[in-house]
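Here is the structure we will look at, set down as structure tokens.
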Amino acid sequence: MPAAAPPYTVADLMDDPRPDAADAAYRGFLFSDMRDFTAFVERHGNAEAAAHVGRFLEIARAAVAHHDGAAVKTEGDSIHAVFPAASSAVMCGLEIVDAVAEVSAQQADRPLRVGVGVHAGEAVATDGGYIGTAVNLAARVCSAARPGEVLVTSTVRGITQASIPVGFIARGRRRLKGIAEPVEVFAVTRDMTVAPREVPRAVSLGALGLVVVGLAVMAALFGSQYLPNLRASPPASGGAPAQAVVIGPLSIGTYRSREFQPPVTFDIADQGWTANRDLPEVLGLVREVTPRGSVSLLRVTEVLADPCVEGGEGVQTGPAAGDLIGELEGLSHLDVANRQPVQVGGAPGEQADITIADGALAACGGLVGSEVAVLGAGDEVWRASPGERFRLISVDVDGEAVTILLSTEWTESQSVQELEDLLGLGQDVVDSIRF
């Protein structure tokens, strides 16, 4: 077996004589950092925190070298690296999170929590590394990655999906701090079977698409009050068994969760829904056609009372469904309205419409992204934008709380009408839920 090639240095990547090196410094950029580090320092002290950072950086540097990258900079609990190809950066990111997971399994009381972001593009080479929008975007994508997640842009997905053995899970469009337009991002997985098909952004769904367009026109002409009586009928299953949820677009039919607890069954009555999460604490459905938005089921463990804190320092929730809305009512940066009793799948609970204050992040001093962290569920954090309104339903399923969130794609459209349309379609899914 030939000896492994030595790792690149930044100077090598700047002066590389190979043909692709002259391509306007088009490279793969990776950022990775630790999550909830402030809380870790508070719990375990400075010495253990320093050792924790050392373990992470040792893993990251080894992975960067293994994939022919160059560590441009390490600062505190983060690392920035550059690669001759985007595919190398993606595979490096997976190696980092896999190695971190192995270490965390051996020290369950002090787990490493790390996120990775990757983007590719042109940047200007300097003696200290690379400067450009591509580098900045990679850093912002990293800040949006969940613990244990490699998050990449649609650019990276497009140029790597045919060349490396990975799958991509749609995470939707995210409004990233300092980036003018929303950015479509994908989580990378080693499971190639979860790669979703492209869902057309325009409504081109045949007869059903015409019905959806017709509803939108009627809503514009006559008001959204007519929508509840005009929604598509639930699918007639004819007694057919529910299909297990598969990450990707969902056809009309009946589905059951694989991982989410408690097990849940639901109907899809309209084209355009895609499943993007099925974990014990999170089940996520998104719409990639108008009205764009999502329906999420969460097992909430934390209310994030401080909009400037990403997670790990919030209010731990109890098992009762009513506790959650009560906790949210006490937060000054949220407005809770229309609180009322509901039933979902025979389980009693409450629902409310919640609005994030426009100035919710004004006092954060630029320390967080452009979204407010609202709820924690396992390792997941559910976020919303300042000014955004969403619907929250909390139900008691055999003594355990399940939270359902209906929200529109606020980063693309702040239309009240689009939110109402999404709430109508999302409510069809909610009404079909059986626990």
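The values are calculated or read from the model by the stated rules, or taken from the named source; none is laboratory data. Since the structure is predicted, the reported quantities are computational estimates derived from the model, not experimental observations. Note that each Cβ is placed from the backbone with ideal geometry, even for glycine, and that neighbours are counted across all protein chains shown.
Overview of results
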read-out	value
Selected residue (only one of PHE56, PHE31, PHE40 is assigned to a helix (DSSP H, G or I), at pLDDT 85 or above and either crowded, with 16+ Cβ neighbours inside 10 Å or outside the structural domain of PHE186 (by TED's automatic domain parsing) (or both))	PHE56
All positions within region 366-400 that are charged (D, E, K, R), at pLDDT 85 or above, over 19 Å from LEU331 (Cα atoms) and in a strand (DSSP E or B)	ASP396, GLU400
Test: residue in region 401-413 that is in contact with a strand residue (DSSP E or B) (Cβ under 7 Å, 6 or more places away or on another chain), modelled with pLDDT under 85 and part of a helix (DSSP H, G or I)	no
Of the criteria (1) part of a loop (DSSP other than H, G, I, E, B); (2) closer than 24 Å to ASN46 by Cα, which one ALA162 fails	(2)
Residue match in region 87-108 (condition: of a type in the set (Val, Ile, Thr), in a strand (DSSP E or B), modelled with pLDDT of 90 or more and within 26 Å of GLY167 (Cβ to Cβ))	no
Of residues in region 69-117 being more than 15 Å from THR189 (Cα to Cα) and acidic (Asp, Glu), the one surrounded by the most Cβ atoms within 10 Å (Cβ to Cβ)	ASP77
Every residue from region 91-118 that is more than 15 Å from ILE59 (Cα to Cα) and in contact (Cβ under 8 Å) with a residue 12 or more places away in the chain	ARG110, GLY117, VAL118
Number of the exception - ILE179 against (1) outside any helix (DSSP H, G or I); (2) surrounded by 23 or more Cβ atoms within 10 Å (Cβ to Cβ); (3) of a type outside the set (Gly, Ala, Ser)	(2)
Hits in region 144-159 (condition: surrounded by fewer than 19 Cβ atoms within 10 Å (Cβ to Cβ) and within 16 Å of the chain's Cα centre (by Cα))	ARG146, SER154
